[in-house]
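Report on one structure; see the data block that follows.
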Amino acid sequence: MKICLAGTGAMGEVHVKALQKLDDVQVVSINSRADAEGSAFAEKWKIPFQSTNLEACIDQPGVDAVILTTPSQLHAEQTILALNKGKHVQVEIPMSLNLADAEKIRDVAKNAGKICMVTHTRRFAAPHREIRRRIQEGSFHLHHMVVETYFFRRTNLNMHGEPRSWVDNLLWHHGCHSVDLAYWILSDPNLDVWGQKGPDLPELKIPMDLTIGMRSKKMKAMISMALSFNNKGPFGGFYRYIGEEETYKIYRDSMVDSEGKEVPLPSVLAFELQDVEFVSAIRERREPESSAASCVPTMVLLDKIDRSMTVNSV
């Protein structure tokens with residue numbers, strides 16, 4: 001299987017590393033915003049073709065699929081371009097920055113008869129998969145899901161401290177992970193949702209602090225989320241699942257119980273498992289676990305939260 005990869009930033013490297021572990025999968029072209037970056041990336045990872053023109057990369061002989069790790073505001077346009085060229089697509093979150101574009105992606109993928117997968121990485125993380133399994137089998141009854149998403153990001157740098165060509169979005173990018181996770185964990189797309197935001201940082205013109213509230217009438221569970229670009233300290237997503245039977249704390253691929261004991265889990269990394277799922281779905285001609293269609297409900301929830309935040313702002 002031949003793949004075109006778009007984006008030479010942090011997530012581009014994550015996907016290359018994962019794809020190199022898969023049999024009969026080759027990244028044959030790399031798209032970047034600058035020739036120097038593309039050339040360096042292509043040389044490092046031994047990719048035979050690089051260009052700042054995405055269409056030229058997609059049109060390389062034999063390309064079966066496209067993986068997009070480009071700036072968020074380009075996701076919808078580039079996904080639709082690749083689908084219309086007859087390619088399967090995996091697009092990093094957010095699939096778009098508004099609900100209308102997400103619905104368009106879903107419809108274009110259906111009409112093209114191609115797989116379109118959204119990289120909701122948390123769905124592939126062993127701890128969250130285990131929580132979902134226990135909820136579904138009835139051995140764990142969730143009362144309250146508490147999420148803390150923390151960064152210190154007052155300058156426009158990525159996760160490796162390198163300059164970004166675009167400005168991050170605390171709700172549609174980072175909040176997207178946890179909003180999707182809540183809907184997926186509970187199998188409930190009809191969550192009640194609301195949110196509030198702090199003031200914009202003048203330099204970046206984005207709110208630096210958000211809180212999100214969610215409630216599942218179906219599962220009788222609450223979700224509380226705090227997100228900040230102002231936090232000084234450990235960064236990342238911290239999850240606490242407070243249930244009738246136990247309280248579990250999750251950070252990345254680790255899960256501990258209320259006594260701090262590690263819960264045994266499969267050792268496959270979520271970043272790797274999601275690319276395995278994308279390739280497998282193409283080969284097996286089936287919808288992936290996080291298809292565009294299954295992720296549109298997440299965008300509906302984000303749209304509702306975003307609209308409530310325009311009213312509830314500091």
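Find the accessible area per residue for the chain; the probe is 1.4 Å, ligands and nucleic acids are left out, and the unit is Å². Mind dumping the intermediate values first?
Values: 14400 Å² over 314 residues.
Each residue of the chain exposes 46 Å² on average to a 1.4 Å probe.
To the nearest ten degrees, helix 126-137 and the longest principal axis of the Cα atoms of the chain are 60 degrees apart.
Computed with every protein chain present, the accessible area of Val296 is close to 10 Å² [probe 1.4 Å].
Solvent exposure of Ser165, expressed as accessible area, is near 70 Å², computed with a probe of 1.4 Å over the protein chains only. All alpha carbon pair distances within the range 196-314 were sorted into 10 Å bins beginning at 0; the resulting P(r) in whole percents reads 10, 26, 36, 25, 4.
Build a GNM of the chain with springs between Cα atoms under 10 Å apart, and of Ser216, Ser139, Ser224 the one that fluctuates most is Ser139. Helix 99-112 and the longest principal axis of the C-alpha atoms of the chain enclose an angle of approximately 50°.
How would Arg106, Arg33, Arg154 rank on accessible area, largest to smallest, probe 1.4 Å? Provide the component values of the computation, followed by the final result.
Values: Arg106 80, Arg33 155, Arg154 110 Å².
The ordering from most to least exposed comes out as Arg33, Arg154, Arg106.
Over the range 178-314, Cα pairs under 8 Å with separation of 6+ residues give a relative contact order of 27 percent.
Heavy atoms only, probe 1.4 angstrom, no DNA, RNA or ligands counted: give me His15, His143 ranked by accessible area, highest first. Kindly include the intermediate steps, with their values, before the conclusion.
On the way: His15 0, His143 85 Å².
Descending order: His143, His15.
In a Gaussian network model over the chain where Cα atoms closer than 10 Å are linked, find which of Tyr239, Tyr183, Tyr251 has the largest mean-square fluctuation. Largest GNM mean-square fluctuation: Tyr251. Using Cα-Cα distances under 8 Å and only pairs 6 or more residues apart, what relative contact order does the range 61-194 have, in percent? With pairs under 8 Å counted, the relative contact order is 22 percent.
Note on Ala100 and Glu245: the model spin-label points, each 7 Å out from Cα along the C-beta direction, lie 4.6 nm apart.
Once the Cα atoms are used to define both axes, helix 292-311 deviates from the longest principal axis of the chain by about 60 degrees.
Pairs from the table (Lys17/Lys114; Lys21/Lys261; Lys197/Lys232; Lys217/Lys304; Lys17/Lys44; Lys220/Lys304) lying more than 23 angstrom apart at Cα are Lys17/Lys114; Lys21/Lys261. Extension gain for Lys232 to Ser254 (0.36 nm times residue separation, less C-alpha to C-alpha distance): 5.7 nm.
If R0 is 25 Å, the Cβ-Cβ spacing of Trp166 and Asn312 corresponds to a FRET efficiency of close to 0.45.
For the chain, adding -39500 (n - 2.57) for each run of n ≥ 4 DSSP H residues and dividing by the number of residues yields -10500 deg cm²/dmol at 222 nm. GNM on the chain, alpha-carbon springs under 10 angstrom: the most fluctuating residue among Ala270, Ala292, Ala56 is Ala56.
Express as a percent, rounded to the nearest 5, the fraction of DSSP beta bridges in the chain (both residues included) that run antiparallel. Provide the component values of the computation, followed by the final result.
Numbers: 36 of 65 bridges.
Taking every DSSP beta bridge within the chain, about 55 percent pair in antiparallel fashion.
Extension gain for the segment Val263 to Asn53, taken as residue separation times 0.36 nm less the Cα-Cα distance, is 71.0 nm to one decimal.
Beyond 30 Å, the tail of the calculated P(r) for the chain holds 33 percent of the Cα pairs.
The values are calculated or read from the model by the stated rules, or taken from the named source; none is laboratory data. All of these numbers come straight from a predicted model, not from anything done at the bench. We place every Cβ from the backbone using ideal geometry, glycine too, and count neighbours over all the protein chains shown. Heads up: the accessible areas ignore ligands, DNA and RNA and are worked out on the full protein's heavy atoms, side chains in. Shrake-Rupley method; radii C 1.70, N 1.55, O 1.52, S 1.80 Å.
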